Amino acid sequence: METKSTSSFTNLVDQSVCPGDVVLDLSKMINQTIKLGGGLRQDCDAISVMKAGRLRFSKPHKYWVENSQKRYVPYAEDSVLGIVVDSRSDNFLVDIKGPTLAFLPVLAFEGGTRRNIPRFEIGTLIYVRVIKANPGMNPELSCTDASGKAAEFGALKDGYMFECTTGQSRMLLSSPTCPVLDALGKKLSFEIAVGLNGRVWVDAASPHTTIVVANAIMNSETLSGAQQRIMVEKLLQRIQ
Amino acid sequence: MEYVSPEGLRLDGRRPMEMRQIRAEIGAVSKADGSAIFEMGNTKVIAAVYGPREVQNRNQQISSHALVRCEYSMANFSTGDRMRKPKGDRRSTEISLVIRQTMEACILTHLLPRSQIDIYVQVLQADGGTRSACINAATLALADAGIPMRDLVTSCSAGYLNSTPLLDLNYVEDSAGGPDVTLGILPKLDKVTLLQMDSKLPIDILENVMQLAIEGCKAIANYIREVLLENTKQLEYRRGV
């Protein structure tokens, strides 16, 4: 009975699913633990899909629906690019492309005290980490890593920021290195910050390079690895 | 006027239980969070979804679930005679409300508290069944935007003319004055989210007409599913976590 129910789930792994699809019947499962990620929900004795995408599985028992969208649903420990929209006495209000604005406490910086509160103008682009993401409250951000160090987090000066889908931002952050970044990195020198919320910041010595990198990334969304490399080569041939 | 010929054909050559050709396209509006074009014969509708996002009017914010807003309008050029008031009239307001209530039945609003989802639907070309086409377009746009849904909502109309139940009425059949049933269902859950009828109909005939509309809704659901799955295949190239 157990193997039967597990196999029904396995049949759908890496398959496209739609809202309303039932992927597992819990009434047939005995003494098994499964973890549900984004895009899945428990509806009585059934696990059903609530977002269109691909059903993914990670050992030992994690299931989620991988999808690509323009809006971002905040999750704890995600690194995102935010735009400061307002500043209050004890926190900054930051737009992270989520359902609600996020809070960045003025003390959530390396060595943050009341005496050295950072000054962020409205419109400043910052690279931050989501530390709390509960449905009933605004997400909370931090400009430090888990050990309290600033690391790569903080305000991003100069450069160019553009938006893409959440699926593409995951692709850019994937390991091994994404083919488009791999191909560009061999020929050009640039700095890049990718947020899981679908925002990408690029900075290079010349605006020319920045534009090439940004265009290459924007064009790469629906291309395979080989197609991405060919596209980068063609772009670089044009500018040489 | 004879709407069904002795050979069993309608004015546009369809059988009584035959739907018009349907076509759908996802991602028609690049700036929207989710968008779709849906065509049912000569009826063409475009839908755009924005959200979930911060509520613009703080007075409307709901702490327990998302606020769903809907705006229906018809393009000036959508009908034969140019429309003077394409939106804001009583009919548009009523259809906006119908679409909003139908979509709220499928959106898991409790997962997105204190946020707002805006659905904008515009009829580009009208030839009967605009309400159904709008609901189908809105469903696709919501799925494209990645908004959590219980199930896909699909809608279809059916009528009763010349003692014959007809599926998916066009403008001529719609304006004949006979009964016109618009039905919206959650196909996987087998639940009705919308049921409207103009005119009167005996209960036994209503059951036949409703059954016909349900079959139409399920056929549309299968097509919408195919379109969504085809769109999702682009993820094959993405190696996201």
Handout entry: Amide H contacts of B:Thr154 (H built 1.01 Å from N, under 5 Å, at least 5 apart or other chain)
Key = B:Ile185
Handout entry: 3J(HN,Hα) from dihedral phi, the stretch B:19-32, Karplus parametrisation 6.51/-1.76/1.60, rounded to Hz, x for glycine, proline
Key = 8, 6, 5, 10, 8, 9, 9, 9, x, 6, 10, 5, 7, 7
Exercise for the section: Give the ranking of A:Lys35, A:Lys157 by solvent-accessible surface, highest area first, calculated with a 1.4 Å probe. Expected result: A:Lys157, A:Lys35
Practice task
Springs between alpha-carbon atoms under 10 Å, Gaussian network over chain A: tell me which of A:Arg199, A:Arg41, A:Arg129 tops the mean-square fluctuations.
Solution key: A:Arg41
Problem - Prolate/oblate/rounded label for the stretch A:160-239 (Cα gyration tensor, a/c 1.5) - result: oblate
Handout entry: 3J(HN,Hα) from dihedral phi, the stretch A:90-104, Karplus parametrisation 6.51/-1.76/1.60, rounded to Hz, x for glycine, proline
Key = 10, 7, 9, 9, 10, 8, 10, 6, x, x, 9, 5, 9, 9, 10
Practice task
Mind checking B:50-56 for the average number of partner chain beta-carbons within 10 Å of each residue's beta-carbon?
Solution key: 4
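Mind checking the stretch B:161-241 for trypsin sites (Lys or Arg not before Pro) that DSSP puts in a loop (not H, G, I, E or B) and that have at most 11 other Cβ atoms within 10 Å?
Numbers: sites: B:Lys188, B:Lys191, B:Lys200, B:Lys218, B:Arg225, B:Lys233, B:Arg238, B:Arg239; in loops: B:Lys188, B:Lys200, B:Arg238, B:Arg239.
Qualifying residues, ordered by number: B:Lys200.
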Fill in the blank from the handout: Counting only protein heavy atoms and leaving out ligands, DNA and RNA, the solvent-accessible surface of B:His110 at a 1.4 Å probe, in Å² to the nearest 10, equals 100
Practice task
For A:Lys234, list the aspartates and glutamates whose Cα falls under 17 Å from its own Cα; do not include residues on the same chain fewer than 8 positions away.
Solution key: A:Asp182, A:Glu221
Practice task
Check cross-link reach from B:Lys218 to the aspartates and glutamates: straight Cα distance under 15 Å, and skip same-chain residues fewer than eight apart.
Solution key: A:Asp21, B:Glu18, B:Asp151, B:Asp168, B:Asp190, B:Glu226
Practice task
Taking the Cα atoms of the stretch B:155-196, report the difference between the largest and smallest coordinate on each principal axis, in whole Å and largest first.
Solution key: 33, 17, 13
Completion exercise
Once A:Phe57 and A:Gln15 are pulled to full extension, the length gained, defined as 0.36 nm per residue separation minus their Cα-Cα distance, is 14.0 nm
Exercise for the section: Relative to the longest principal axis of the C-alpha atoms of chain B, give the angle of the C-alpha long axis of helix B:130-145, reported between 0 and 90° and rounded to the nearest 10°. Expected result: 30
Completion exercise
Note: B:143-154 gets an average of partner chain Cβ contacts (10 Å, Cβ to Cβ) equal to 6
Exercise for the section: Identify, among B:Ala138, B:Ser30, B:Gly80, the residue whose Cα sits farthest towards the positive end of the charge dipole of the protein assembly as shown, taking +1 on the Cβ of Lys and Arg and -1 on the Cβ of Asp and Glu, with the dipole about the Cα centre. Expected result: B:Ser30
Practice task
In a Gaussian network model over chain A where Cα atoms closer than 10 Å are linked, find which of A:Leu104, A:Leu156, A:Leu24 has the largest mean-square fluctuation.
Solution key: A:Leu24
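Enter the buried accessible area of the B/A pair, total of both sides, probe 1.4 Å, in Å² rounded to the nearest 100.
Numbers: alone 12570 and 13470 Å², together 22730 Å².
Heavy-atom accessible area buried at this interface is about 3300 Å².
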Handout entry: Label-point separation in nm, A:Val85 to B:Asp89, each point 7 Å along Cα→Cβ
Key = 3.6
Exercise for the section: Note the full-extension length gain between A:Leu236 and A:Gln32 as 0.36 nm times their separation in residues minus their Cα-Cα distance, in nm to one decimal. Expected result: 68.1 nm
Exercise for the section: Pull up all non-local amide H partners of B:Tyr160: gap of 5 or more, or a different chain, and H-to-H distance under 5 Å with H placed in the peptide plane. Expected result: B:Leu166
Exercise for the section: If a/c stays under 1.5 just call it rounded; otherwise compare a/b with b/c (prolate if a/b is bigger, oblate if not). Do that for the stretch A:24-66, with a ≥ b ≥ c from the square roots of the Cα gyration tensor eigenvalues. Expected result: oblate
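Mind scanning A:Lys35/B:Lys233; A:Lys157/A:Lys187; A:Lys132/A:Lys186; A:Lys97/A:Lys149; A:Lys97/B:Lys233; A:Lys28/B:Lys188 and naming the pairs with a C-alpha gap bigger than 27 Å? Walk me through the numbers on the way to the answer.
Numbers: A:Lys35/B:Lys233 25 Å; A:Lys157/A:Lys187 24 Å; A:Lys132/A:Lys186 37 Å; A:Lys97/A:Lys149 25 Å; A:Lys97/B:Lys233 25 Å; A:Lys28/B:Lys188 20 Å.
Those over the limit are A:Lys132/A:Lys186.
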Completion exercise
Checking A:Lys149, A:Lys59, A:Lys187 against a Gaussian network model of chain A (alpha-carbon springs below 10 Å), the top fluctuating residue turns out to be A:Lys59
Problem - Sites A:Ala146 and A:Ile117, calculated FRET efficiency, Cβ-Cβ separation with R0 22 Å, nearest 0.05 - result: 0.45
Exercise for the section: For B:Glu215 and B:Glu104, calculate 0.36 nm times their separation in residues minus their Cα-Cα distance, and state this gained length in nm to one decimal. Expected result: 37.7 nm
Fill in the blank from the handout: Expressed as a whole-number percentage, the relative contact order of chain A with C-alpha contacts under 8 angstrom and at least six residues apart is 14
Exercise for the section: Go through the stretch B:112-121 residue by residue and turn each phi into a ³J(HN,Hα) via Karplus (6.51, -1.76, 1.60, θ = phi - 60°); whole Hz please, and just put x for glycine and proline. Expected result: 10, x, 6, 10, 9, 10, 10, 10, 10, 10
Exercise for the section: Would you pull out the residues with amide H under 5 Å of B:Val55's amide H, same chain only if 5 or more places away, H placed 1.01 Å from N? Expected result: B:Gln116
Problem - Where GluC sites (Glu not before Pro) fall in DSSP loop in the stretch A:64-128, at most 16 other Cβ within 10 Å - result: A:Glu77, A:Glu110, A:Glu121
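The values are calculated or read from the model by the stated rules, or taken from the named source; none is laboratory data. All values reported here derive from a predicted model rather than from experimental measurement. All Cβ positions, even for glycine, are placed from backbone atoms using ideal geometry, and neighbour counts span all protein chains on display. These area figures cover heavy atoms from the full protein model, side chains too; ligands, DNA and RNA do not enter into them. Shrake-Rupley method; radii C 1.70, N 1.55, O 1.52, S 1.80 Å.
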